[in-house]
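> Here it is, the structure, as structure tokens.
The values are calculated or read from the model by the stated rules, or taken from the named source; none is laboratory data. Nothing here was measured: the structure is a model prediction, and the numbers come from that model. All Cβ positions, even for glycine, are placed from backbone atoms using ideal geometry, and neighbour counts span all protein chains on display. SASA here: full protein model, heavy atoms, side chains in, ligands and nucleic acids out. Shrake-Rupley method; radii C 1.70, N 1.55, O 1.52, S 1.80 Å.
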Amino acid sequence: MFKITITQIDKDENEEIIVRCHEINEEVLNIVEKLKKNQSILLGSKDSEVFRLNLNDIFYIESVDSKTFICTKENVYESKMKLYEIEHMLQNTNFFRCSKSMILNISKIRSVSPALSGRFEAKLINNEAVVISRQYVPQLKKKLGM
């Protein structure tokens with residue numbers, strides 16, 4: 001049985017979760033993994049500043065020339081994480097891999113339509129168009145309940 005302690009802190013202090021255990025076993029690792037998946041922010045940098053980006057504000061995450069960019073409605077931020085690391089972190093969220101170089105937030109899709117060669121095109125709520133590669137169309141349909 002685990003003892004759970006919650007301590008309220010001042011706004012200027014950093015929030016943290018500390019796991020204290022007798023041994024690091026599968027149960028503890030599962031709890032830590034669930035906590036990591038429930039984080040609702042990504043860190044992105046712009047103009048030498050680091051920003052906390054709420055997942056709900058992110059339209060997509062894209063890899064270009066070995067760099068990872070996080071795109072919101074207003075700005076583009078750079079991430080130190082690799083695309084596959086972010087994809088793993090965002091499992092079981094509204095995000096899914098839509099191409100080799102992009103992870104897309106399905107809550108930002110306005111409409112979807114078939115395109116050439118089995119691909120789909122997603123129109124986002126900011127009027128941007130994103131191509132969904134043929135191999136990722138089944139995942140899109142599953143996420144959208146099609």
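> Quick one: what are the phi-derived ³J(HN,Hα) couplings along the range 58-64, Karplus 6.51/-1.76/1.60 with θ = phi - 60°, whole Hz, x for glycine and proline?
Coupling constants for the range 58-64: 8, 7, 7, 10, 10, 9, 9 Hz.
> Per DSSP H run of at least 4 residues, take -39500 (n - 2.57); add these up for the chain, divide by its residues and hand me the 222 nm value, nearest 500 deg cm²/dmol.
-5000 deg cm²/dmol
> A further question follows. If r is the Cβ-Cβ distance from SER40 to SER117 and R0 is 30 Å, what FRET efficiency results, to the nearest 0.05?
0.25
> Let's see if you can work this out: charge +1 on each Lys and Arg Cβ, -1 on each Asp and Glu Cβ, no other charges. What is the dipole magnitude of the range 1-117 about its Cα centre, in debye to the nearest 20?
500
> Between VAL28 and GLN135, what is the spin-label point distance in nm, taking each point 7 Å from the Cα along the Cα→C-beta axis?
3.8
> If you take all C-alpha pairs in the range 31-87, what percent of them are over 20 Å apart?
Distances greater than 20 Å cover 22 percent of the Cα pairs.
> With N set to the number of residues, divide the alpha-carbon radius of gyration of the chain by 2.2 N^0.38 Å and report two decimals.
1.23
> Can I ask one more? Report the one residue of SER48, ILE17, TYR60 whose Cα lies farthest in the direction of the positive end of the charge dipole of the range 1-65 (charges on C-beta: Lys and Arg +1, Asp and Glu -1; origin at the Cα centre).
ILE17
> Given DSSP loops and a limit of at most 13 other Cβ atoms within 10 Å, what is the longest stretch of the chain that contains no such trypsin sites (Lys or Arg not before Pro)?
So the longest stretch without any such site is 21-72.
> If R₀ is 35 angstrom, what is the calculated FRET efficiency for the pair PHE2 and LYS73, using the beta carbon separation as r and rounding to 0.05?
E between PHE2 and LYS73, to the nearest 0.05, is 0.30.
> Can I ask one more? I'd like the carbon and sulfur percentage of the solvent accessible area for the chain, probe radius 1.4 Å, heavy atoms only, ligands and nucleic acids excluded.
48
> Could you tell me which GluC sites (Glu not before Pro) in the range 1-84 are loop residues by DSSP with no more than 15 other beta carbons within 10 angstrom of their beta carbon?
In loop regions of the range 1-84 (DSSP not H, G, I, E or B), the sparsely surrounded GluC sites (Glu not before Pro) are GLU13, GLU15, GLU16, GLU23, GLU74.
> Enter the accessible area per residue of the chain (Å², integer; probe 1.4 Å; all protein chains in place).
With all protein chains present, the chain gives 76 Å² per residue.
> To continue, here is another question. Write down the Å³ per residue value for the convex hull defined by the alpha carbon atoms of the range 1-66.
Residue-normalised Cα hull volume stands at 179 Å³.
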